[in-house]
Amino acid sequence: MRILHTSDWHVGRTFHGVDLLADQAAALAAVARLVADEGVDVVVVPGDVYDRAVPSADAVTVCNRAFEAIRDAGAVIVATSGNHDSPARLGAGAAFAAAGGLHLMTRVSEVASPVVLSDAYGPVAFYGIPYLEPETTRAELGVPSARTHADILDAAMARVRADLSERTSEDAAVRSVVLAHAFVVGAEATGSERSISVGGVETVSASAFDGVDYVALGHLHSPQALTDRVRYSGSPLPYSFGERTHRKAVWIVDLDADGLADVTRHDLPLVRGLSQLTGTVDDLLGDDAFDASVDDYVSAVLTDPVRPVDAMRKLRQRFPHLVHLEWVRPQGDTDLKYRDKVRGRTDREIVTSFLTDVRAEPTAGELRWVEQALGVAARESDGGTVDAGEAVA
């Protein structure tokens, strides 16, 4: 049996306010093409199918079309819910969907009720473990004292092993695949994942999955292998600039009569690159070195001596997908204490420096206003009276 492992689609997610539905549709279409090209039998999606519990109508449309394309390419789909999904909403109509080859496994009570599919060597049991929040699932799993994700996952896996043991006693050829949405010790987060630490320690051990032929993990967004049998596929698109150097991928897993035979990484096509650029506005607009980033999502750090006006509009003329902009003052020692900066300087010099830092060097006319205001303040501090008209002036 050939299995494609993908996860963390996050359909409906935005990127610095930019709608990603078109990009997500393109990435998922590439997954469907890979299913057809590689003769994949089953696609597993361990959680975070959607980016929010109540996805928009457009997000549901994109997701449904992806499921349809994968089914048309010849694969059965097994999916679970993640910490971003609503189990009830994602699993709505699960029995009806299963008849069409889409198995949505979102109920904690059914972690030991696998989808069983067969190949030339016999049955393969697919166990779906949805995201398990300790506070809300410990009673249902029969571990009322559990406080951590490890405690809860151990309870779920105990049920999985018990069911697998019964099936194996009946048929020695039963192989197993577990889908789980968790943060496994030793894995590397990218920064775009939502924390799942509420309710206790969030990490679990890879050894919690011992005894299973393959474990398809979701939650972390970079493809990585914890062991030969325990892997994250990562997300099909980058969801933060911290992922700009990642090449997104899926795993294709082959099972033979004895269990896991081979795992192959397949890189997904780049839909749109991510670039972080640094320079002045003039540099970014005119330097040929930035040509390669014109079609990317761009985060720009400006180093102009003075905060530039209308920089976003100007830069989008060259970088239409500019999504993030910040200005970093290039001069000055940020560790210098304020008292050291003002020691020995007149009030006029301090105000002038302040205006220059936050806006631009004041004009001669503005300096006259500053001197007049400072004179009024000095007379007030000396106990003198100030004419109302002079104060307003």
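The values are calculated or read from the model by the stated rules, or taken from the named source; none is laboratory data. Please read these numbers as outputs of a predicted model, since none were measured by experiment. Virtual Cβ from ideal backbone geometry, glycine too; neighbours counted across all protein chains shown.
With respect to the conditions (1) at pLDDT 95 or above; (2) surrounded by fewer than 23 Cβ atoms within 10 Å (Cβ to Cβ); (3) part of a helix (DSSP H, G or I), Arg89 falls short on a single one, namely (1). Identify the residue in the range 264-276 that is in a strand (DSSP E or B) and touching a residue at least 24 places away in the same chain (Cβ under 8 Å) and, among all such residues, is surrounded by the fewest Cβ atoms within 10 Å (Cβ to Cβ). Of everything passing the filter in the range 264-276, Arg265 is surrounded by the fewest Cβ atoms within 10 Å (Cβ to Cβ). Out of the residues in the range 239-250 that are at pLDDT 95 or above and either within 24 Å of Ser299 (Cβ to Cβ) or surrounded by fewer than 23 Cβ atoms within 10 Å (Cβ to Cβ) (or both), state the one that is farthest from the chain's Cα centre (by Cα). Filtering first and then ranking leaves Ala249.
For the range 43-53, the criterion of being assigned by TED's automatic domain parsing to the domain that holds Ala156, buried (at least 16 other Cβ atoms within 10 Å of the Cβ) and of a type in the set (Ser, Thr, Tyr) is met by at least one residue.
Here is a yes/no grid of residues against (1) in the same structural domain as Arg307 (by TED's automatic domain parsing); (2) touching a residue at least 60 places away in the same chain (Cβ under 8 Å); (3) part of a helix (DSSP H, G or I):
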position	(1), (2), (3)
Pro238	no, no, no
Gly242	no, no, yes
His246	no, no, no
Val253	no, yes, no
Asp262	no, no, no
Thr278	yes, no, no
Asp282	yes, no, yes
Leu285	yes, no, yes
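When the range 92-116 is filtered for residues that are among the small types (Gly, Ala, Ser) and either over 24 Å from His149 (Cβ atoms) or surrounded by fewer than 16 Cβ atoms within 10 Å (Cβ to Cβ) (or both), the ones remaining, listed by number, are Ala92, Gly93, Ala94, Ala95, Ala97, Ala98, Ala99, Gly100, Gly101, Ser109, Ser113.
Summed over the range 1-40, the residues that are more than 28 Å from Leu255 (Cβ to Cβ) and part of a helix (DSSP H, G or I) give a count of 6.
Residue by residue, here is whether (1) under 18 Å from Val45 (Cβ atoms); (2) not in a helix (DSSP H, G or I) holds:
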site: Leu104; (1), (2): yes, yes
site: Val124; (1), (2): yes, yes
site: Gly128; (1), (2): yes, yes
site: Leu132; (1), (2): yes, yes
site: Leu141; (1), (2): no, yes
site: Asp154; (1), (2): no, no
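Please identify the pairs in which a residue from the range 28-54 that is free of Cβ contacts under 8 Å to residues at least 60 places away in the same chain has its Cβ atom under 7 Å from the Cβ atom of a residue that is aromatic (Phe, Trp, Tyr), counting only partners at least 6 apart or on another chain. The qualifying pairs are Val49/Trp9. Restricting the search to the range 105-152, which residues are within 29 Å of the chain's Cα centre (by Cα) and hydroxyl-bearing (Ser, Thr, Tyr)? If the condition is that a residue be within 29 Å of the chain's Cα centre (by Cα) and hydroxyl-bearing (Ser, Thr, Tyr), then Thr106, Ser109, Tyr127, Tyr131, Thr136, Thr137, Thr148 are the ones that fit. Could you tell me whether the range 57-64 includes any residue that is within 26 Å of Val298 (Cα to Cα), among the charged types (D, E, K, R) and either modelled with pLDDT under 95 or assigned to a loop (DSSP other than H, G, I, E, B) (or both)? Checking the range 57-64: not a single residue is within 26 Å of Val298 (Cα to Cα), among the charged types (D, E, K, R) and either modelled with pLDDT under 95 or assigned to a loop (DSSP other than H, G, I, E, B) (or both).
Within the range 313-333, the set of residues being in contact (Cβ under 8 Å) with a residue 12 or more places away in the chain, within 27 Å of Val358 (Cβ to Cβ) and surrounded by 14 or more Cβ atoms within 10 Å (Cβ to Cβ) comprises Lys314, Leu315, Phe319, Leu322, Val323, His324, Leu325, Trp327, Arg329. Consider the range 291-312 and keep the residues that are modelled with pLDDT of 95 or more and assigned to a loop (DSSP other than H, G, I, E, B). The one that is surrounded by the most Cβ atoms within 10 Å (Cβ to Cβ) is Asp296. Evaluating His181 against the criteria (1) more than 17 Å from Leu220 (Cβ to Cβ); (2) in contact with a His (Cβ under 8 Å, 6 or more places away or on another chain); (3) at pLDDT 90 or above leaves one unmet condition, (1).
When Ala112, Ala69 are checked against the criterion of being assigned by TED's automatic domain parsing to the domain that holds Arg52 and assigned to a helix (DSSP H, G or I), a single residue qualifies: Ala69.
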